[in-house]
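Read the structure below first, then the notes.
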Amino acid sequence: MTQRGVFEKQPGSGEWWIHYYDSLGRRHREKAGTKSAAILLYRKRKHEALEGKKLPEKLRRPSVSFAELAKDTLAYSKAHKRSYGDDAIRMERILGWFRNRAADSISPQEIDEKLTQSAEENSWAPATVNRYRALFSLTYSLGIRNGKTKENPARLVKHRTENNARIRFLSPEEEVRIRAAIEATCAEHLPEFEIALNTGLRLSELYTLTWDNVNLPRRILTVPRSKNGEIRHVPLNKPALEAFQLLRKQTGASGPIFLNWRDGRLTGPRYWFDPVVKKAKIRNFTWHCLRHTFASRLVMNGENLRTVQDLMGHKQISMTVRYSHLAPQHQLAAVERLAAASPVPRAADPTATRTATEQNEAPQQEVEIVN
């Protein structure tokens, strides 16, 4: 028997959805799971809509904008999370989608569609989509806790499967193209690119630096609080040092080092970096890939994994081992040393073959055993 308002989006998939109209006449669609769950959810939504219509206007809960929930979330993130810088950057994009919408009018489908569209347009990895989904979920969870909303639509948005083994780094040819694109469109941001490429700093580490964290005479910068909650020190090679020296002339010797402003708000590098990547015709490359490039080039130039681990600020060596396959010459040298240590001559070696043949043709020596 067909249940009104309940449908299977793809027949035979086993994934059931509902569609309904709220008390203001707005149409909604939600993914519910099984058919029985969809029927229950549909009845609940219809009851809520009917309840909203019956209540006098003065007794209805006033709609809270998504922007208000976002403000609460950023205040919470600043007080409790080390990734506040990342949250602030991501929230700016989210507010571009839903800033003036009533928070309780945003459906899981709308969130999923925005995330999917942005992932396709910006070549996001699944992990990036999941970070945005997590920020949505935190926003609504705090809204529920603060009594400003009742539901968390992000809970019904599908979690993407992550592939943490994916390593994307710049080839020399790609670096030439991306440098040319930066110089042509936003040359003032070239020092940021240079520092990211030569220090391997995480985005949040780089864009929270102040001049107090950089010691140019000693050629070292200090990350006061890394992702792991620890202080770490990063040496500056010549390109990174020269980039910092140029920035000091431009910004002075105190306060924040990087000030990226857009529409009157402090934001991260993506608003200028993503267009640059497109202009350079480089596919599947994000700002975080500069960190991968830093680590990959260290390994390909022969640095041992323990050193790379320290420079990257990895808590576990397992994070660094992902780059080990990028050192084929060192791996080849290792197995060749194993072959050289073998007592058995190899037929592939003409010298070894000749020596073995000569030994077989030589007269056998008698050995006298004395008891």
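The values are calculated or read from the model by the stated rules, or taken from the named source; none is laboratory data. What you see is a predicted model, and the numbers here were worked out from it, not measured in a lab. All Cβ positions, even for glycine, are placed from backbone atoms using ideal geometry, and neighbour counts span all protein chains on display.
Considering only residues of the range 175-214 that are of a type in the set (Phe, Trp, Tyr) and in a helix (DSSP H, G or I), which is surrounded by the most Cβ atoms within 10 Å (Cβ to Cβ)? So the residue we want is 193. Of the residues making up the range 188-237, those that are of a type in the set (Gly, Ala, Ser) and in contact with a helix residue (DSSP H, G or I) (Cβ under 8 Å, 6 or more places away or on another chain) are 196, 200, 204, 226. Filtering the range 23-71 to residues that are of a type in the set (A, V, I, L, M) and at pLDDT below 80 leaves 24, 49, 50, 55, 59. Set side by side, the residues 134, 181, 119 differ, and just one is at pLDDT 95 or above, within 19 Å of residue 278 (Cα to Cα) and small (Gly, Ala, Ser), which is 181.
Any idea how many residues of the range 95-111 are charged (D, E, K, R) and either more than 18 Å from residue 155 (Cα to Cα) or in contact with a strand residue (DSSP E or B) (Cβ under 7 Å, 6 or more places away or on another chain) (or both)? Selection size over the range 95-111: 2.
Search the range 13-46 for residues being in a helix (DSSP H, G or I) and of a type outside the set (D, E, K, R), and hand back the single one that is surrounded by the fewest Cβ atoms within 10 Å (Cβ to Cβ).
Filtering first and then ranking leaves 36.
Would you confirm, using the coordinates I've provided, whether residue 95 is part of a helix (DSSP H, G or I), crowded, with 19+ Cβ neighbours inside 10 Å and not aromatic (Phe, Trp, Tyr)? No, not satisfied.
Of the numbered criteria (1) within 27 Å of residue 80 (Cβ to Cβ); (2) over 23 Å from the mean Cα position of the chain (by Cα); (3) surrounded by 13 or more Cβ atoms within 10 Å (Cβ to Cβ); (4) at pLDDT below 90, the one residue 264 fails is (3).
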